[in-house]
Every structure is written in structure tokens, then in C-alpha cells.
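Note sheet for the following structure.
The values are calculated or read from the model by the stated rules, or taken from the named source; none is laboratory data. This structure is a prediction, so every number in the text was calculated from the model and none was measured. Counting neighbours? That spans all protein chains shown, and the Cβs are built from the backbone with ideal geometry, glycine included.
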């Protein structure tokens, strides 16, 4: 457990998104399955998109709240979860989707951590929107998995 | 005739014999509408108003109609009908003449037609043999006490929204628990006044 | 004697109370007939004032989703009120975001009609009805797919367009929930509704539907969705489905060949293995009757040794790229996971189909 600022949280989330994008891009290059290539290519571009959105917002909207402090527990968006999922080049699409859902859940944990600790209206609104985006993404991944195409 | 002074009755019904915390009446709307502070305040004021009005009205009906004819056993059903009609009437009345007040309070009125605290107060007033003034005072005090309890709990629930409650306790369960704790805290007033 | 007295007292008191209320209602709440303008003049209703918007709309057979029955505790019955209707009530605020409040979104069950009101509701809701039906038949299509046919009870007819979907009510631990499924029966079959459902482990809707037996009752609302088939028979139709995305295609194809037997239509369907293939024989028989109907199935997993698969292999956008010649006037309907939609859209745009003519289900 550590005490960090909202700015740190956002930087951390951004770094996590960046790593995810790289991770999918890397998987897309290495895989020997067409389906996994299609899927990871899509997910990588999607993560870059989210990361860009994260980068843009704090500067304009929530500058004054960046120094607010919160407790941080390491299970939220732990960088090591990404490292732990070293998928082999012949990983199936289902394995990739399971990993992606785990990553989404760890981001959801991170945003929930912040939400549980703050009463500040502005911070709440901002993190609620991040949380909703991430929850929607998780539902999308689950639906892709349920459609059984890849 | 009960000789307690009206002031004592009012204070006692707010603190020591709070209708919600000591009799646990009116729990349904108490649990349902205590999520937001503003809703709780509106509902609390509406309950106070209806309680004051219906105790007075029911007093008149009981002592000047039911008792002389000797049909006191009808009091339960008649009280309920009077309360329902009163709530309906008041709702229509303020909707017509003060839309502003209607939007602040009136919308809560249908919610409290069947609030058992209101019937409870009318029945207590008979059992305790209050006079007219005492009855109205008791109705008012019980309403204020109920309003205070729901406003307090709404504040607590708002605060709780940000805390990490174990899943099995979330929602009504934790509200019941803190209501119990609050009831115990209010018992601390018990020696202050008796009614 | 005392009984008669008691009963007459009771009746007397009730009569007085009722009388007071009736008189009060006459003088206090008489709003007359109010007009509701829906979607800028698209429909105009004349309803009695004093009731809630939700009840007024349901009375006019416009079904706004509502799970709690108008008590203001579910937050489903959102509509946009453009004028009239009074301020946002404290009973609504827990269910509305600030953005919604600014744009006039209200809960229909809390808006009381006291004056003429202008509202906006999603177009598709104007045609939506609540159906009760019974299961007529269930057919197992593959190891995890079922075709389920409902016979409509009340109302007895549905008017649906190809590409539209229904929301089936399924029980869940938190009370009934609605799950959306595309309607696969052609639109000329007005007494039945057919769904194609893949079982999803842990899925509430699919588990419920897969466990239904013949004769079981079901409740659903519909039809929803804005896809409109191009009515010009010279325009070719391209359907591309992947995984479990077959239901809307079946509806489109059968509707087309009912109305235009010579129209050109392509069906591309992608799945993983031969075990996932269904309806292929049925569509091939249809193609024999209608020579302009082209059926192409593609398998994405590598074929095992000794397999006699005579269709395409590889992902379905590759097959689409192979078969479609560029520069023909077409309308396309896609159904599948977003990465597939993206890949197919890219191929179709290369073939000269305008983005505005490519439709797909939003996820």
C-alpha cells in the first residue's frame, strides 16, 4: 500500500494502457494464427485510442485535482499481470481474450479504488467515466468471445 | 386523562420514544427513501405534516363520532381510510395552489399513505388517553422524530457510499444494522423525560 | 343492532370521505385533455390530464421500457421532454446524469401531464409492442446453437423488418432482465418469431432460451432496430455473418426472395470448423431455386486431414474479397464481432460500396 496522487494514478493508467497496446501489437506480430492477428491488431489500436484520450483530458479538465492524494493497493492495474501473461506464439484467440478480460478487470479495480476513497465531485465524475468506458470494453470482449468467430 | 404537559410529550416523542427508533414503525419508506439526503428531508417534512394533521382529525372522529355511538372497534379501519383520504386531499390541494411546494413535498405524499408510523401515532394517542392538544403535539413530535431519524440515516448512507462494505451487507442489510446502532444510541436519552 | 350501527357508521364515514375527494378532484385537479407531441409532430396524442406520462403512453400502446411499473425505482423509462412537464423531481435525480438533466431527459413515470407537452422518444419505440407467446419448436443446429420458434399469443401479429431484433424477458436472480436477439424468421411470417441462439456459458438469456421446451410461455418486446432494406431490386444485397451472426441474414434472404425472386444477393458466412456450419444445405436448396443467390461459407481453422469440405477456407473477409467484383451498386449488412466488421468494411469499401450503405449491429 502506498499514498499517491491522482496524477500518479493517471500516469500509471496511461503507462498500463501503453504496455497493453505494445503487448497486443507484439502478439499480433508473433502469432501464427490469422484470427489472433486480426483480433490483437484491433485491440492494440483500441488501447492506443484510450491512451490518447487519457493523455488529453487531465490537462484541460481536471488540472486542479491532480494533487489530490489517494491510497493505492497494488492489485489495481498491476504491471506484473501483463508480464505474467506470456502467451506463446501459438496461443488461441480464446486465451488472448481471457488475458484481455483480466487486464480490463485490473484497470476496473484501479478506478474503483480511487472512487472508493474520494468524495470530490469532479474526481468522481472523471473516474466514473473512465470506469464505464472500461466496463463497456470488458462487455465487448466477452461478447466477442461469445460469438466464437476467431 | 393523561396529565403530561404538551412540551414534554413533544420532546419525548422526538428523542426518548422516537416512533421509528423505539417502535420501529415506518421502516418501509425509511429504508426505501433514505438513499439521498434531499429526498429524506422532503419525505421527513411530508410525514411530519401528515402525522400532525391526521392525529388531530382522527382524535375528533374517535371522540365525537365513534365513542358516543360505541363503535370504537372500528377505529383501525376508519383511521386508515381517513389517513388515505387526507393524504390524497392534501396532495391535490397543494398541487393546485402551490406547484412549487408540490414539487418539493407533494410527490412524497403518495409514498406515505401506507406508512405505518402514521396509523401507529393515531392508535398510541387513543391508548395513552391524550387530550386533543396533547394528541396534535404527539403527532407533531413523532413526525419530527421520524424525520430526524431518516435524515440522519440518509447522511450516514451517503457517507457509506464511499466505504468498502462487505458484499453480503450491502444495501438494506447494513442500513438495518446502523439503524439498530442508532436506536441504541437514542436509548441514552431514556432517562431525560418520560411520557 | 350494534352490527347495523357499525356498518352504517363505516359506510357513512367512507361515503363522506369519498364525497370530499370527488368534490376536491373536480375543483382541484381538472386539467382537461392535454396534447402530447412526439418527435416533432410524428405522432400527436390527446390524453386526459392528471395522469403520468408513462401511463398515458402505455395507454396509447407506446411501450417505454419499465421494470418497476412506474414507482420510480428502476430508471428505465427515460424520455426527453422538450417543453412542459415541470421541473426535474427529486425522485428522478438518482437515475439521471447531469448531462441528461441538461438535455431534458426525464423518467416518464414521474412526469405528470398538466399541460401540452412536447417529447422525444427513440423512433423505434413507436412501433414496439409487448408480446406473449409460446414455444412452438426448438431445433438443435450445432453443438451450441439452437433455433427457437415462438408462436405469438397476444398480440397475434408482428410487423417486423429484416435486421430488426426482439428483447426476450429472462429470469435472473435480480428479477427479470431483457436480452436482445435478432429475429431470424422472414418478415412475411407475421404469426411467429424465430430466434437463433448460441449458448454462452453463464449467459442469462442464452441459458434460459436453450432450456425452453415446446409449449413454454415467453414474453418479449419488439421489434427494435433501424436497418431498412433497399427497395430497388437492381441493388445487390451483401450479407456477411461471422460466428453466431446468422439470424438477421436468414431473415433478410428469405424476405428478399419472397419479394424479388431474381434479385442478386450474396451470403458470406464465416465460422471456425465444420462443426459450426449450419443452414448450408437449406441455403444451397434456395440457391438452386434462385440462381442469383450466392452462398459462400468459409472456415477459419485449418482443415483436419481427410476432410471433404468443399467451401472456402480462411477468414470471411478474404472470401468476400475473392468473390465480389468492384463497382456494382450494393447494400451490405454485417453481423459479427467488431474486428470482423472492421476487416469486412475495409474490403467492401475497396469494392466501391459507400460507408452509408454498410450496416451492422452496434455492439
* If we scan segment C:222-239, do we find a residue that is crowded, with 17+ Cβ neighbours inside 10 Å, modelled with pLDDT of 85 or more and within 12 Å of chain A (Cβ to nearest Cβ)? -> no
* **Answer from B:165, B:178 - the residue that is outside any helix (DSSP H, G or I), at negative phi, surrounded by 12 or more Cβ atoms within 10 Å (Cβ to Cβ) and out of contact with any strand residue (DSSP E or B) (no Cβ under 9 Å at 6 or more places or on another chain)** => B:165
* Asked: In segment C:173-221, what count of residues is obtained for those that are farther than 12 Å from residue C:162 by Cα, surrounded by fewer than 14 Cβ atoms within 10 Å (Cβ to Cβ) and touching a helix residue (DSSP H, G or I) at 6+ places or on another chain (Cβ under 6 Å)?
  -> 0
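Test of understanding: among C:282, C:305, which residue is more than 22 Å from residue A:34 (Cβ to Cβ) and not assigned by TED's automatic domain parsing to the domain that holds residue C:138? It would help to see each step written out before you state the result.
Numbers: C:305 fails: more than 22 Å from residue A:34 (Cβ to Cβ).
Step by step, each of C:282, C:305 is checked, and only C:282 is more than 22 Å from residue A:34 (Cβ to Cβ) and not assigned by TED's automatic domain parsing to the domain that holds residue C:138.
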* Looking for whichever is surrounded by 20 or more Cβ atoms within 10 Å (Cβ to Cβ), farther than 30 Å from residue A:116 by Cα and either touching a strand residue (DSSP E or B) at 6+ places or on another chain (Cβ under 9 Å) or free of Cβ contacts under 8 Å to residues at least 12 places away in the same chain (or both) here; the options are B:102, B:130, B:138. Which one fits? => B:102
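Can you pull out the residues in segment A:106-121 that are more than 14 Å from residue A:13 (Cβ to Cβ) and either under 14 Å from the mean Cα position of the chain (by Cα) or assigned to a helix (DSSP H, G or I) (or both)? Full working, then the answer.
Taking segment A:106-121 first, the residues more than 14 Å from residue A:13 (Cβ to Cβ) are A:116-121.
Within segment A:106-121, A:116, A:117, A:121 meet the criteria.
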* To do: Kindly provide the set of residues from segment B:58-71 that are assigned to a helix (DSSP H, G or I) and at the interface with chain C (Cβ under 10 Å from one of its Cβ atoms), ordered by number.
  => B:61, B:65, B:66, B:69
* **Flag for residue A:127 being in contact with a helix residue (DSSP H, G or I) (Cβ under 7 Å, 6 or more places away or on another chain), within 25 Å of residue C:244 (Cα to Cα) and buried (at least 17 other Cβ atoms within 10 Å of the Cβ)** => no
* What number of residues within segment C:342-363 satisfy the criterion of being farther than 16 Å from residue C:267 by Cβ, within 14 Å of another protein chain (Cβ to nearest Cβ) and surrounded by 14 or more Cβ atoms within 10 Å (Cβ to Cβ)? -> 4
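Kindly check whether there is at least one residue in segment A:122-140 that is over 19 Å from the mean Cα position of the chain (by Cα), more than 10 Å from every other protein chain (Cβ to nearest Cβ) and more than 29 Å from residue A:96 (Cβ to Cβ).
Filtering segment A:122-140 for residues over 19 Å from the mean Cα position of the chain (by Cα) gives A:122.
Filter once more, so that each one left must be more than 10 Å from every other protein chain (Cβ to nearest Cβ): A:122.
Filter once more, so that each one left must be more than 29 Å from residue A:96 (Cβ to Cβ): A:122.
Looking for residues that are over 19 Å from the mean Cα position of the chain (by Cα), more than 10 Å from every other protein chain (Cβ to nearest Cβ) and more than 29 Å from residue A:96 (Cβ to Cβ), one finds at least one in segment A:122-140, hence yes.
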* Can you tell me which of C:138, C:134, C:118 is away from every other protein chain (no Cβ under 14 Å) and surrounded by fewer than 17 Cβ atoms within 10 Å (Cβ to Cβ)? -> C:134
* Only one of these conditions is not met by residue B:34: (1) more than 30 Å from residue C:11 (Cα to Cα); (2) away from chain C (no Cβ under 14 Å); (3) not in a helix (DSSP H, G or I). Which number is it? -> (2)
* Asked: Has segment C:283-302 got at least one residue that is closer than 22 Å to residue C:227 by Cα, within 14 Å of chain A (Cβ to nearest Cβ) and surrounded by fewer than 17 Cβ atoms within 10 Å (Cβ to Cβ)?
  -> no
* Being closer than 29 Å to residue A:139 by Cβ and either over 26 Å from the mean Cα position of the chain (by Cα) or assigned to a helix (DSSP H, G or I) (or both) is the filter; apply it to segment C:324-341 and report the residue that is farthest from the other protein chains (Cβ to nearest Cβ). => C:341
* Which of the residues belonging to segment A:29-43 are assigned to a helix (DSSP H, G or I) and more than 11 Å from chain C (Cβ to nearest Cβ)? -> A:29, A:30
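Scanning for something crowded, with 17+ Cβ neighbours inside 10 Å, assigned to a strand (DSSP E or B) and more than 14 Å from chain A (Cβ to nearest Cβ), does segment C:240-254 turn up at least one residue?
Step one: of segment C:240-254, the residues crowded, with 17+ Cβ neighbours inside 10 Å are C:240-254.
Now narrow it down to the ones that are assigned to a strand (DSSP E or B): C:240-242.
Now drop any that are not more than 14 Å from chain A (Cβ to nearest Cβ), which leaves none.
The answer is no; no qualifying residue exists.
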* Asked: Is it the case that some residue within segment B:46-57 is within 15 Å of the chain's Cα centre (by Cα) and within 12 Å of chain C (Cβ to nearest Cβ)?
  -> yes
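Conditions (1) part of a strand (DSSP E or B); (2) modelled with pLDDT of 90 or more; (3) over 23 Å from residue B:41 (Cβ atoms), marked per residue:
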position	(1), (2), (3)
C:126	no, no, yes
C:130	yes, no, yes
C:138	yes, yes, yes
C:156	no, no, yes
* Whichever residue in segment C:81-117 is closer than 17 Å to residue C:35 by Cβ and within 25 Å of the chain's Cα centre (by Cα) and, among such residues, is modelled with the highest pLDDT -> C:81
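Name the one entry in C:321, C:258, C:275 that is over 24 Å from residue A:43 (Cβ atoms), assigned to a helix (DSSP H, G or I) and within 14 Å of chain A (Cβ to nearest Cβ).
None of the others qualify; the one that does is C:275.
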